[in-house]
1. Please list, in order along the range 65-70, the HN-Hα scalar couplings obtained from phi with the Karplus expression 6.51 cos²θ - 1.76 cosθ + 1.60 (θ = phi - 60°), rounded to whole Hz, x for Gly and Pro.
2. Using a 10 Å cut-off on Cβ atoms, rank the peptides 349-362, 184-197 from the highest mean neighbour count down.
3. Show which aspartates and glutamates lie in cross-link reach of LYS61 when reach means a straight Cα distance below 15 angstrom and same-chain residues fewer than eight apart are skipped.
4. Mind checking the dipole of the chain: about its Cα centre, +1 per Lys or Arg Cβ, -1 per Asp or Glu Cβ, Debye to the nearest 20?
5. Return the percentage of antiparallel bridges among DSSP beta bridges fully within the chain, rounded to the nearest 5 %.
6. Tell me which lysines have Cα within less than 22 Å of LYS172's Cα, excluding those fewer than 8 residues away on the same chain?
7. On a 0 to 90 degree scale, rounded to 10, what angle separates helix 131-141 from the longest Cα axis of the chain?
8. Highest mean first, what order results for 464-474, 416-426 on Cβ atoms within 10 Å?
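Where a number appears in this text, it was derived from the coordinates with a stated rule and is not lab data. Just so it is clear, the model here is predicted, and its values are computed rather than measured. No Cβ is skipped: glycine too gets one built from the backbone with ideal geometry, and neighbour counts run over all protein chains shown.
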Amino acid sequence: MPDAGVEYRTSRLQTPASRLQTPDSAIDGLRYVGEHERGRPDDRASLQIRDLNATRVSAMKTVIRNATVVLPEGCRRVSVLIDGRTIADIDPAIQTQADETVDATGLYLLPGVIDDQVHFRDPGLTHKEDLRTASRACAKGGVTTFLEMPNTRPATTTCELLDQKLQLASGKSLVNYGFYVGATPNNLDELRAARRTPGIKIFMGSSTGDLLVDDQDALERIFGETTLPICAHCEDEATVRNNAAKFAESRDVADHSRIRDHEAAIRSTRRALDLARRHRHRFHLLHVSTGEEANLVADHGGLITAEVCPHHLLFDVGDYERLGTLVQMNPSLKTKADTEELWQALLDGRIQILATDHAPHTLEEKQRPYPQSPSGLPAVENFLPLMLDQASRGRCSLDQIASWMCDGPARVWDIVNKGRIARGYDADLVLVDMHKTAEIRNELQETRCGWSPWHGTKLTGWPVRTWVMGHEVYRDGRFDESRQGSEATYDHSRGGYWQ
């Protein structure tokens, strides 16, 4: 909950005149446009600041004063000094000079969110999303780093394709980025050779073609003969297929949770945990959906971590009646008892982090009759607001949010210099107003698919400003796309979350 003594009001922004030129000021290389217009995301106007003096921008100093800062040791009302791309000081001297001063009285400053499970559809499915539209959604939502899954077209299953995706993001992504390498039954040499990646992604269910790996011998080789951390989508393929045959004539989306049932999730998770423990291989369980899985991962052995998504915390099978195929996802929604157990597991530490599994489809696609409707939903730009709203209701604290969404993911994936507000860390920051109440609206979404299952939901607690590597990319509905985000780097010798 916000501190009772904090007075919330709009922050006073003191910005250098050199950054506030008129739209036609070509001599300074600056062009400003308003937030966005209705229509396709590519047609939306953005605040674009094309600064030709990159050296000056990278050396800029910004001091954020009077915010309540969520530090590793707890919340304190201190100032934070950004020098170029780095957090230079915490609580600098009052006489410290800066190019820009932000008076953040009444606001909270958090580390930028790291979302370790997204599907941004680029390349190959860009009618649903691409790296530009998705990264704008990230910036608006306070997500400063994403790690993207390999099931694009083509799938990211070789070092060459991984390098190509990194190159693509370097020219399109407004925030920091990283990409998993996908396992197939036959790409062991590529998995051994891969660098510049957080880890290996295995689809043990819910995929097709080469990305589906449910053969035991192939799984034994991947866990036994590679060194990168592994994460997996765990739904037992045989169980799902058997259930699908039973419900082959069903057109009721609620049967999705009977097809992708508790047994499918639990059986596959047991299998993955057995592989990880026998081979002593670091393993991260994606999108836990059942209370029983939360119990299974409690015995982590210094190897195992897990995550839960907001849709598995905030929706349950009772929401099919209201939202239909909009909340069709894999793993499927489970019972209210499961959501309560997942919340408890997050609070007591059996589950370590949160992620979105942002998986957009167009509204037209999602509204097809079941089972022609695809699974997945967009969440990345509402991820932090959804959790801030839970904090405003007293269900969790801002310190816990920072642990689950910032520091925790950085530790799971050995991401260098991210996840904390501390000297020497990257200046990935988000300023939030815990008194701001606003409604999620489809027409205001930055994601290309243009809808949210939380449309019409009022939330209290919203990001208002976002910095990526010291560069302000979002402020109160406006974007600065003059500089792209940076490739995340990893030091896997750190050994992960439990070290």
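1. Working through the residues one at a time gives 10, 6, 7, 8, 9, 8 Hz.
2. Highest-to-lowest ranking by the protection proxy: 349-362, 184-197.
3. In chain and number order, the partners are ASP83, ASP89, ASP91, ASP99, GLU100, ASP103, ASP426, ASP428, GLU472.
4. 620
5. 55
6. Leaving aside lysines fewer than 8 places away in the same chain, those within reach of LYS172 are LYS128, LYS140, LYS418.
7. Helix 131-141 and the main axis of the chain meet at about 70 degrees.
8. So the peptides 464-474, 416-426, ranked by packing, come out 464-474, 416-426.
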